[in-house]
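Report on the following structure.
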Amino acid sequence: MITNSEKENLLLNSDKHFKALLEIIESIPSRKREISIETQERDKNFRDVLMHLYEWHAMLERWYREGMDGDTPFIPAPGYKWRTINLLNRQIWESYQDVTCNQAIKKLKRSHERVMELIQSHTNEEIMTKKYYKWTKTSNLYSYFAANTSDHYIWAIKKCEAIATSIKAREEDKIVNK
């Protein structure tokens, strides 16, 4: 029996979760995908979730590029530490409020493809070996790639399922209350 490498599993799971995420969004008619739900949470619509993923892809790409060039990237972002991640995520949210859901889908599809290409460009050993690259410090590329693809997509699926359920329930209430 042939088993997949961690790299192959990461690629497969990332694509599987990414497709599942898009299916949730596509289950809502396009004219209703801009609807925001009432929630105390930061992400109130599909665009918010998608642009969050997009921006984390962009940060990953920056870390990767700077690290591979021999620099030490600011992780998670210049001016932020992991303990101030909520402030960073809020700033990301604020900066994409003028983007449409369709624009967000297109941007995220492109960034997903770029990150998948980065993963493809490495051997399983390069991805899985801790300290293989100086910039990953005590970690490995896998932890960076998984956190910003497959694992993050699982988070996004849960968020988008809640948004989709709320939109569908709102539409059903409109029909019942006519």
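Quick notes on this structure:
- Residue match in region 40-49 (condition: among the polar types (S, T, N, Q), open to solvent by less than 40 Å² (accessible area, probe 1.4 Å) and part of a loop (DSSP other than H, G, I, E, B)): yes
- Enumeration of residues in region 60-106 that are open to solvent by 40 Å² or more (accessible area, probe 1.4 Å), outside any helix (DSSP H, G or I) and over 26 Å from Ser36 (Cα atoms): Asp69, Gly70, Asp71, Thr72, Phe74, Ile75, Pro78, Gly79, Tyr80, Lys81
- Every residue from region 1-21 that is assigned to a helix (DSSP H, G or I) and surrounded by fewer than 18 Cβ atoms within 10 Å (Cβ to Cβ): Glu6, Glu8, Asn9, Leu12, Asn13, Asp15, Lys16, Lys19, Ala20
- On inspection, Arg114 passes the criterion of being within 29 Å of Ser5 (Cα to Cα) and open to solvent by 50 Å² or more (accessible area, probe 1.4 Å).
The values are calculated or read from the model by the stated rules, or taken from the named source; none is laboratory data. Since the structure is predicted, the reported quantities are computational estimates derived from the model, not experimental observations. All Cβ positions, glycine included, derive from the backbone under ideal geometry; neighbour counts span all protein chains shown. Only protein heavy atoms, including side chains, enter the accessible area calculation; ligands, DNA and RNA are left aside. Shrake-Rupley method; radii C 1.70, N 1.55, O 1.52, S 1.80 Å.
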